[in-house]
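The structure appears right after this line, and notes come after that.
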Amino acid sequence: MTPFRTARPTVTATTALAVCAALATLVAAAPAPAAPLVPPTPPVPAAPLVPAARQGGPGPLPAVTPHAETATLYDDEQGGNANADDPAIWRNPASPDDSLVIATAKEGGLRVYGLDARPVQSLPAPPAPGPDDAPGRFNNVDLVHGLRLSRGGTADLAVTSDRGHDRLRIHRIDPSRPGGPLTDVTDPAAPRVFSADQDEVNEQATAYGLATWTDRRSGRSYALASRRNRTSVALLELFPTRSGTVTYRKVRSLDLPSAFRLPDGTSWTPCGEPGELPQVEGMVVDPADGTLYAGQEDVGIWRMPADLRGKPVLVDKVREYGVPGTYDEESEECAPGEDPGFGGTRISADVEGLTLLPERNGDRYLLASSQGDDTFAVYARPAGRENRAGRENGPGREDRVLPGYAGGFRVTAASATLDGSEVCDGAAVMHEPLGSRYPGGLLVVQDGSATPAQDGREATGFKFVDLRKVRGALGLPGAGGQTGAEKVTE
């Protein structure tokens, strides 16, 4: 969560500890799973169950524990205003053991970690352009593979939304580079994403969430950026300049709804500070067919074509969907009214980090952070099912193409010194083997309440979870032996 966002429906840990549906059997029509990515290993012991906290809830969810965690980041002057937010996993094809986790720390810039969760590189966010302007603030990060540059052939890139300056920042990934694997290759003339001038930037309705996409038909690479406190999503094409830098241009944008017609005929808008609209942050693109999944934090998960040419479809709603709220100026919070019962059952606001787990047989699983109840919901889309929302589906056909709910899980403490993940803001999954540490893949999740922490300091970090544990919790193939817990500090 972000300290700049001052208002949202009041959903506390006590009232929102609602648990998603019991682990469901995956879609029956799915083809038989492919063989695991790694040689067979002893099965994962059954994951512990976390009791359901909501009376009448569908049941408990399995819990998985992290293998390692990064050093705690502190969002204060002493800590460099570093606040963990969103991770991405870069796999080193030449040496998987030397793969990297690239993560945003807001005003603390970018952090690069090895698979042991130890720091490899730290890059500061750009300074404020003037004394009354905001400094750089890195919000979300995603990767582009094999972009052809005007100098130096092709390169893998880390693309970041700089919320403070309303721009994208692009870093080249080169593990052999002395001084660190990331080099800033952002073109100095790269335009603002949404704002016309610095005065608009200072209003902070700027680039926020981010996902990347390479169109398999054209080979062109794009970033999709959402706008803070608005419903807009913009498509930005990335391309090299003659000087060897990388820039972008806006292709088109799309505005999601801010008001919704409820089944009883009334209209509902999520409660927020006056002038703020329900924003999108977590986003991911399925590269197989160019489908964008976008989490509108207080509404639910949308699916739409990544080129933004088509009608968005609301895949699932948060539990708080349709709940009226009254904004209180003094507390800067919303007091919720009576729940009319129009919301979903699997995710609690905010819906945050979205990441995609592809399978070798073509199946895909969408993982979503349910920030309001510290869980993760998983949706399955079997191979071969139509997934072109807004293009080939007439009225009444949407239900044939939506991903089906496949289960959920929690990330809980592995030991007294290695805690789980709470109020998770971002997540990233890598299904391919990552050397000896994670031969079955890796899930990295943000922890919005890292413990133990120093008194009075906002503490965050990232947890590294062996993907085999997640597969075991969800009943997916490829679950192997568990690894021991590990606490890593600087």
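From Gly475, Gly441, grab the single residue that is small (Gly, Ala, Ser), surrounded by fewer than 24 Cβ atoms within 10 Å (Cβ to Cβ), at positive phi and more than 22 Å from the chain's Cα centre (by Cα).
On the way: Gly441 fails: more than 22 Å from the chain's Cα centre (by Cα).
None of the other options fit; the residue is Gly475.
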Notebook entry, point to check: Just wondering, is there one or more residues in region 131-139 that are of a type in the set (A, V, I, L, M), part of a loop (DSSP other than H, G, I, E, B) and touching a residue at least 60 places away in the same chain (Cβ under 8 Å)?
Noted result: yes
Margin query: Taking the conditions exactly as written (open to solvent by 50 Å² or more (accessible area, probe 1.4 Å), closer than 30 Å to Asp466 by Cα and at pLDDT 95 or above), does Pro178 satisfy them or not?
Written below: no
Notebook entry, point to check: When you look at Thr214, is it surrounded by fewer than 21 Cβ atoms within 10 Å (Cβ to Cβ) and polar (S, T, N, Q), yes or no?
Noted result: yes
Checklist line | Filter pass, Asp97 being over 20 Å from the mean Cα position of the chain (by Cα) and in a loop (DSSP other than H, G, I, E, B) | finding: no
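Restricting to region 363-391, what's the tally of residues that are part of a loop (DSSP other than H, G, I, E, B), modelled with pLDDT under 95 and open to solvent by 20 Å² or more (accessible area, probe 1.4 Å)?
Of the residues in region 363-391, the ones part of a loop (DSSP other than H, G, I, E, B) are 363, 374, 382-391.
Checking the rest, the ones that are also modelled with pLDDT under 95 come to 363, 382-391.
Next cut, open to solvent by 20 Å² or more (accessible area, probe 1.4 Å) only: 383-386, 388, 390-391.
Within region 363-391, residues that are part of a loop (DSSP other than H, G, I, E, B), modelled with pLDDT under 95 and open to solvent by 20 Å² or more (accessible area, probe 1.4 Å) number 7.
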Next item on the list: Identify, by number, the condition in (1) within 30 Å of Arg360 (Cα to Cα); (2) open to solvent by 10 Å² or more (accessible area, probe 1.4 Å) that Thr291 doesn't meet.
Entry: (2)
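Of all residues being within 21 Å of Asp298 (Cβ to Cβ) and surrounded by fewer than 16 Cβ atoms within 10 Å (Cβ to Cβ) in region 227-261, which is farthest from the chain's Cα centre (by Cα)? Just the residue, please.
As a first pass, look at region 227-261 and keep what is within 21 Å of Asp298 (Cβ to Cβ): 227-234, 253-261.
After this cut, where a residue has to be surrounded by fewer than 16 Cβ atoms within 10 Å (Cβ to Cβ) as well, the list is 255, 257, 259, 261.
Values: Asp255: 20, Pro257: 21, Ala259: 24, Arg261: 27 Å.
Only one residue tops the list, namely Arg261.
Residue-by-condition table, conditions (1) open to solvent by less than 60 Å² (accessible area, probe 1.4 Å); (2) assigned to a loop (DSSP other than H, G, I, E, B):
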residue: Thr326; (1), (2): no, no
residue: Cys334; (1), (2): yes, no
residue: Thr345; (1), (2): no, yes
residue: Glu352; (1), (2): yes, no
residue: Thr355; (1), (2): yes, no
Checklist line | Failed condition for Val280, given (1) in contact with a strand residue (DSSP E or B) (Cβ under 6 Å, 6 or more places away or on another chain); (2) hydrophobic (A, V, I, L, M, F, W, C); (3) within 25 Å of Gln371 (Cα to Cα); (4) surrounded by fewer than 24 Cβ atoms within 10 Å (Cβ to Cβ) | finding: (4)
Check: Among the residues of region 231-253, is there at least one that is closer than 27 Å to Val351 by Cβ and not in a strand (DSSP E or B)?
Finding: yes
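The values are calculated or read from the model by the stated rules, or taken from the named source; none is laboratory data. The model shown is predicted, which means the values in this text are computed figures rather than measured ones. Every residue, glycine among them, receives a Cβ derived from its backbone with ideal geometry; neighbour counts consider all protein chains shown. Just the protein is used for accessible areas: all its heavy atoms, side chains included, with ligands, DNA and RNA removed. Shrake-Rupley method; radii C 1.70, N 1.55, O 1.52, S 1.80 Å.
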